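What follows is a short report on a single structure.
The values are calculated or read from the model by the stated rules, or taken from the named source; none is laboratory data. Not measured: the values here are computed from a predicted model. As a convention, Cβ positions derive from the backbone with ideal geometry for all residues, glycine included, and neighbour counts pool all protein chains shown. To get the accessible areas, we keep the full protein, side chains included, count just its heavy atoms, and leave off ligands, DNA and RNA. Shrake-Rupley method; radii C 1.70, N 1.55, O 1.52, S 1.80 Å.
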Amino acid sequence: MLLGGGATGSLRGELKLAGDGGRLRGTIWLQNSDVPVELSSIRADGTALAFTAEADGRLRFTGALNGGALRGVAATDSGTARPWSAAPLSPIAEYYPVLPRFTLRQVIAGRSGMELRLPGPWVAAARAEVPAGEPAAYAALARAAGVAALEGEALTSTSPLRAMGVARRDEVTAAARRTLLAMRAQVPPGSVLTEFDRIFRPRGSWIIDVHDAALAAARAGTPTLALEQAAPALASIGWLPREAEAGAESVALALYRLHALGARDTTGMETLREQMRGASPASARAVDLLLRGYDAGAEWHAGALRFLLVAPWIRSDGAPASIAGRMRADWRGSGAPGADSLEVPAIVSRPFGYPQAVPRYGVPPQLFARIVTADNWSAREWLGRHGPPALLEALRRTPADYGEAASVEGDGETFRLTTVRRQSGEATNGFLEPHDAILIDPAYMPLLALGAVVHEWQHLAFERLRRLDLRPGGGDVVTFPATDPFVAEGLAEWRTERLLAPLAARFPLLGMGEAEKRARLARTRADEQHVLGYAMVRALAGIVPDEARQLALLLDAAEDPRAVTQAPEVRRAWARFGGPELVVSAPSRRVLIPETTFTIEDGFPDIIGTRIVVPAAARPR
Ligand SMILES: [Zn+2]
């Protein structure tokens with residue numbers, strides 16, 4: 001509706017009328033009011049309508065329905081007549097006379113300083129008790145899975161390619177088929193088995209990884225399509241070594257790399273496509289078909305991992321178990337609050353170019369309530385209608401940006417000034433994400449990637465606990481504590497290995513992915529975070545058997561690893577270990593996202609105020 005004749009011009013508003021057992025009820029909500037007000041003395045007769053409301057002063061509205069619109073005058077007590085009109089809105093239209101207004105509190109996140117420090121006794125205990133990278137454990141799993149335990153340079157160069165199905169493919173796919181067959185043999189009959197077959201053995205032939213899935217999808221429309229048909233076009237753009245030598249592995253690798261390029265550079269992709277069409281049109285068509293197949297294959301990959309994570313496909317003493325169920329039970333066993341409702345993260349395909357997965361941290365409701373306030377009635381309505389994730393999505397659409405080099409000087413510390421949108425795009429783990437998610441490379445063979453997915457989920461579960469536990473303080477500023485990467489990686493490695501151990505005993509390939517990763521990383525440096533962190537957490541678990549106590553120590557250690565060696569029981573158990581702190585160079589700077597007040601219209605935020613609280617009290621430890 002529009003109400004004219006006011007001191008500040010026309011006012012927009014919303015008039016709501018509803019029949020209620022023959023009686024009319026309603027509200028009016030003008031743009032200069034934060035909330036709707038009730039109508040009184042409503043009278044309707046034929047096409048005539050009258051009501052009274054405390055809207056922009058006390059007004060008596062009279063009007064008539066004509067051609068679908070209401071039109072009339074609103075009289076003040078002193079007799080001034082103001083014109084008004086109203087036209088119907090669709091019942092599903094979302095209309096706010098006053099735009100929803102929110103405030104995002106100032107957030108400080110990240111780690112500051114030049115180095116990480118680990119207490120000497122913890123490092124010494126870890127190194128004494130766990131051989132770096134545990135090559136023997138990895139070799140045993142590989143042998144049991146029926147694949148070669150790679151060593152030396154091959155561990156660095158070949159193992160990632162094998163995990164992506166483009167090196168030693170015959171060996172690894174045979175092992176995967178054997179594993180799937182053994183897994184299938186113990187899946188209880190019924191819908192889970194049907195789903196298992198739909199994913200891994202549709203129409204009787206195995207689909208092991210994205211390459212199989214891509215070829216199957218491409219062949220659905222073109223049954224005679226063969227991988228080799230793509231070779232001439234790929235060779236013409238220099239993406240195959242030489243046509244004569246190009247085997248299925250190098251064709252699959254080239255196609256996967258093109259798929260990855262398409263995901264991040266559509267222009268570059270189009271240029272290559274044109275080159276291929278010019279050089280070898282028939283082969284270029286095969287490439288196009290197969291690339292569409294890789295799109296479908298990436299979806300298959302995410303679906304396969306989700307199935308392995310969520311479906312109760314594991315025969316056990318009681319009811320069939322799922323990895324997700326075991327994950328929740330495991331965290332419950334550590335006394336973690338809310339473990340039973342631990343959300344299964346979304347699995348999102350992201351071509352990294354190597355076997356890689358990363359967690360993206362969502363915002364649990366308790367944290368959302370701390371960082372965002374709804375400043376008016378519309379905002380509360382909007383949140384009720386769309387929910388917190390939609391607001392976090394909207395924050396990603398703000399055009400505001402401070403550029404790459406913006407900084408704020410605090411008390412002895414320089415903060416990088418940034419926005420939710422920029423930080424979310426730049427940080428590996430995202431920032432204030434709408435949902436917990438795991439990004440994973442689609443070529444990471446699902447049976448090997450399962451360990452990585454569980455590992456990332458452990459990160460999400462641990463970080464969620466830390467965020468629920470944010471200490472109050474700093475007034476309007478919310479400070480995320482920094483996470484020590486050795487503790488975080490160690491916890492994820494150790495809990496994943498423990499969770500998957502019963503499965504790895506039956507299906508060794510499922511345990512091999514993570515074991516191989518640690519063996520490979522151990523070659524890069526002795527103090528690699530996963531390798532040393534794993535040994536540290538495992539050593540700690542060995543002397544602190546109480547699960548809840550162990551987790552409490554690790555939560556403290558994530559903020560400051562010295563918390564562990566200061567604990568009395570640890571000091572006693574590790575009295576024989578000493579040595580200086582291990583100092584690892586890791587320069588980093590904290591980020592500051594200013595307090596931002598904004599309205600939202602059609603899902604897009606409009607910033608109306610920005611405030612920086614210069615950090616003085618919030619000094620790093
Ligand atoms: Zn990790």
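Here are a few things to note about the model shown:
- Any chance Glu228 is within 35 Å of the chain's Cα centre (by Cα) and of a type in the set (D, E, K, R): no
- Residue within the stretch 556-574 that is farther than 30 Å from Trp382 by Cα, assigned to a loop (DSSP other than H, G, I, E, B) and aliphatic (A, V, I, L, M) present: yes
- Residue within the stretch 524-547 that is open to solvent by 20 Å² or more (accessible area, probe 1.4 Å), away from the ligand (no atom under 12 Å from the Cβ) and under 30 Å from Ala298 (Cβ atoms) present: yes
- Some residue of the stretch 446-469 being closer than 30 Å to Ala252 by Cβ, more than 16 Å from the ligand (Cβ to nearest atom), out of contact with any strand residue (DSSP E or B) (no Cβ under 6 Å at 6 or more places or on another chain) and open to solvent by less than 40 Å² (accessible area, probe 1.4 Å): yes
- Within the stretch 1-32, if we keep just the residues that are under 14 Å from Ala55 (Cα atoms) and either touching a helix residue (DSSP H, G or I) at 6+ places or on another chain (Cβ under 7 Å) or among the charged types (D, E, K, R) (or both), the residue that is most open to solvent (accessible area, probe 1.4 Å) turns out to be Lys16.
- Close Cβ contacts (under 6 Å, 6 or more residues apart or on different chains) running from residues in the stretch 336-357 that are over 21 Å from Leu253 (Cα atoms) to residues that are open to solvent by 20 Å² or more (accessible area, probe 1.4 Å) and among the acidic types (Asp, Glu) comprise Glu343/Asp436; Pro345/Asp436.
- Counting the residues of the stretch 384-414 that are without any contact (Cβ under 8 Å) to a residue 12 or more places away in the chain and closer than 17 Å to Thr597 by Cβ gives 1.
- The set of residues in the stretch 561-616 being small (Gly, Ala, Ser) and surrounded by 16 or more Cβ atoms within 10 Å (Cβ to Cβ) consists of Ala563, Ala567, Ala573.
- Note on the stretch 298-315: residues that are open to solvent by less than 40 Å² (accessible area, probe 1.4 Å) and either touching a Pro at 6+ places or on another chain (Cβ under 8 Å) or over 16 Å from Arg201 (Cα atoms) (or both) total 10.
- When we screen Ala233, Ala260, Ala220 for residues that are over 24 Å from Leu510 (Cβ atoms), touching a Ser or Thr at 6+ places or on another chain (Cβ under 7 Å) and in a helix (DSSP H, G or I), the only hit is Ala233.
- Considering (1) within 16 Å of the ligand (Cβ to nearest atom); (2) of a type outside the set (Val, Ile, Thr); (3) open to solvent by 30 Å² or more (accessible area, probe 1.4 Å), the lone condition that Asp295 does not fulfil carries the number (1).
- Of everything in the stretch 398-411 that is modelled with pLDDT under 85 and over 16 Å from Gln106 (Cα atoms), the residue that is most open to solvent (accessible area, probe 1.4 Å) is Glu404.
- Failed item in (1) part of a helix (DSSP H, G or I); (2) among the charged types (D, E, K, R); (3) in contact with a strand residue (DSSP E or B) (Cβ under 8 Å, 6 or more places away or on another chain), with Asp527 passing the rest: (1)
- Yes/no for Pro481 being out of contact with any helix residue (DSSP H, G or I) (no Cβ under 8 Å at 6 or more places or on another chain), more than 15 Å from the ligand (Cβ to nearest atom) and not aromatic (Phe, Trp, Tyr): no
- Scan of the stretch 87-102 for residues that are open to solvent by 20 Å² or more (accessible area, probe 1.4 Å) and assigned to a strand (DSSP E or B), ordered by number: Arg101
- Of all residues assigned to the stretch 151-170, at least one qualifies as being free of Cβ contacts under 8 Å to residues at least 12 places away in the same chain, more than 30 Å from Pro561 (Cα to Cα) and among the polar types (S, T, N, Q).
- Hits in the stretch 124-160 - residues which are hydrophobic (A, V, I, L, M, F, W, C), surrounded by fewer than 19 Cβ atoms within 10 Å (Cβ to Cβ) and farther than 30 Å from Gly578 by Cα: Ala139, Ala140, Ala144, Ala148, Ala154
- Test: Leu392 is touching a Pro at 6+ places or on another chain (Cβ under 6 Å) and either within 13 Å of the ligand (Cβ to nearest atom) or modelled with pLDDT of 95 or more (or both): yes
- Positions within the stretch 395-414 being out of contact with any Pro (no Cβ under 7 Å at 6 or more places or on another chain) and within 17 Å of Ser112 (Cβ to Cβ), in sequence order: Ala406, Ser407, Val408, Glu409, Gly412, Thr414
- Residue that is modelled with the highest pLDDT, among those in the stretch 338-364 that are among the charged types (D, E, K, R) and away from the ligand (no atom under 13 Å from the Cβ): Arg350
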